[in-house]
1. Could you count how many residues in the range 349-405 are touching a Pro at 6+ places or on another chain (Cβ under 8 Å) and under 17 Å from residue 489 (Cβ atoms)?
2. Select from the range 236-254 the residues that are over 15 Å from residue 54 (Cβ atoms) and either in a loop (DSSP other than H, G, I, E, B) or of a type in the set (S, T, N, Q) (or both) and list them in ascending order.
3. Between residues in the range 268-293 that are at pLDDT below 95 and surrounded by 11 or more Cβ atoms within 10 Å (Cβ to Cβ) and residues that are basic (Lys, Arg) and assigned to a loop (DSSP other than H, G, I, E, B), which pairs lie under 9 Å by C-beta distance while being six or more apart or on different chains?
4. State yes or no: is residue 189 assigned to a loop (DSSP other than H, G, I, E, B), more than 30 Å from residue 442 (Cα to Cα) and out of contact with any strand residue (DSSP E or B) (no Cβ under 9 Å at 6 or more places or on another chain)?
5. Within the range 205-229, count every residue that is touching a residue at least 24 places away in the same chain (Cβ under 8 Å), closer than 18 Å to residue 150 by Cβ and among the small types (Gly, Ala, Ser).
6. Step by step: first the residues of the range 418-437, then only those that are under 38 Å from the mean Cα position of the chain (by Cα) and under 15 Å from residue 403 (Cβ atoms), then the one that is surrounded by the most Cβ atoms within 10 Å (Cβ to Cβ). Which residue is that?
7. Tell me which residues, restricted to the range 33-49, are more than 23 Å from residue 84 (Cβ to Cβ) and either at pLDDT 85 or above or assigned to a strand (DSSP E or B) (or both).
8. Any residue in the range 319-337 that is assigned to a loop (DSSP other than H, G, I, E, B) and surrounded by fewer than 13 Cβ atoms within 10 Å (Cβ to Cβ)?
Amino acid sequence: MSGDNYRLISQVDIKDTVTNLVNYFWAPEIPGYRPLTVAFNPDQLTGTNSGLKHSFVIDKDAFTNKPLVNHKAYYYVVVSYAYNNFKPFEYIVPNSSNFTQQKPFKVGRNNIKVMSAIPHAPEVEHNGLVFNSEVGDGMKVTRLEGSGNGGLLIDMTDASAAEAINAPYVVSNPVYEIGKGPLNVTVYDPLYVTEGHFEMKFTGVSGTDKWSVKETTTNSVDTATFELQQPNSQILQTVDAGDASKVYEWGLTADISNAVIEAGNADAINNGLLDQSITFANADAAWLGGVADRDTSIADARDWIRSGTAPSDIGGADNNQVYEGLIGGTWAPYKLAKQSRCTIWGPRSSAHQDNQLTMSGPNGITSVDVVFTSDKSKWTRAVVLEMGQPTSATIGNAPRFQKRRSASINKDGGNNPGGAVSTDPNDPNYIDNEGMGWFPGYAINIETGERLNIAYGENSVFTTENSQDMRESTSTLLDGNGNPVFGGMHYIWVFGSRTTGRKRYR
């Protein structure tokens, strides 16, 4: 479908098991049937098989591959085609009573129209036209129920994040920044865009479940419902509930499906990782580091992320080592962390947890923001876990991965050994008089709107590296003999969804 006088710009088709399109033609010179594979262009012999799409952005000349020129006419045509393979073709003679489908591919003939378009600046129209949106702009989304990110990068508004970090430590209806919500609804025609409030509902999350849309101001609905298993970039049109002749155009398109494959599954794009980043209030003062993972052929405590296909790795969880590079290899899903051994100081307590831990599903990895701040009012009360061994050498003989057996501290590092347990957050013995500290920040699950629990570690066997103060680490990774000290082993664990006494969100 590409020649001297035309170029293929886009091809879309229903996502299914059909990829190659082959028709068969009688060739008397053989004699017999000759297969002819449909070619959309010389380099594309199969359909994209990625679902339907109803809006397209064209900003380049397909012949020159240069930007479109204002006030120049361009011509386009849409050709539809059908597929019907009711019975696979068999190589038999013509006119046989057992005739099968010879031409499963059929091109439309009566619906072909050539359309022209002339790009130009819109300001000269209608005595001055100003767009308040651009093609591709997203919407501000409020989550009413459920959780997830829809395979999209999401980010809550500052107001929702502020609500989440205060009691009851969950925002029931998180609001997401424009274009940073879990629904892929975007502007395709700014001319039609007007104020509206839309409710999108799902009958469930399986492939055969459906989604639908209602605009609440006009009380109009999109009468079509769409299965989640079928990717379909659908233009939103709503019909008045009392007058079917009233159709509202909104200039919006919705691309909603459950086609996202989660981490730990072989077909997941980039193993489900959407993005990862670290930012500082002062970019010139990047103060936070960590123990960067390194792959080595010899035993090395810094080889702490078990991505890959080596015998010591978690097979099938992250074969392409996507998660080995999170924030420079200093963060990783708990499932991929190396367990503790006598000579390997891993941040995971046991190898026996492999079968209980998962990368996907309700207990898998999610979209999380971890924030460090000097604002003590936002700090998180945290259990401090003993990282030292042997047990006989730790303070109070605390076993590794059990609570430190030193006095709890307040936000300034002060303590009151043996004092009564308090309910005052300013008291060193808040929650417990032993083994409690303060993480200088907070974590939020931005898929559910929950503030998450945090714990951190400390190795009380060391007498250096601030490893007995229940709070601060150093930047020393190895001691003078090459043994791991990792700044006192102040590892950080961010826990998953919590039960709040109300609805469990995950």
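1. Going through the range 349-405 one residue at a time, the tally reaches 2.
2. Hits for the range 236-254 are 238, 241, 242, 243, 244, 245, 246.
3. Qualifying pairs under 9 Å: 291/302; 292/302; 293/302.
4. no
5. Residues meeting the conditions: 2.
6. Here the answer is 437.
7. 41
8. Yes, the range 319-337 contains a residue that is assigned to a loop (DSSP other than H, G, I, E, B) and surrounded by fewer than 13 Cβ atoms within 10 Å (Cβ to Cβ).
The values are calculated or read from the model by the stated rules, or taken from the named source; none is laboratory data. Not measured: the values here are computed from a predicted model. Note that we place each Cβ from the backbone using ideal geometry, even for glycine, and neighbour counts take in every protein chain shown.
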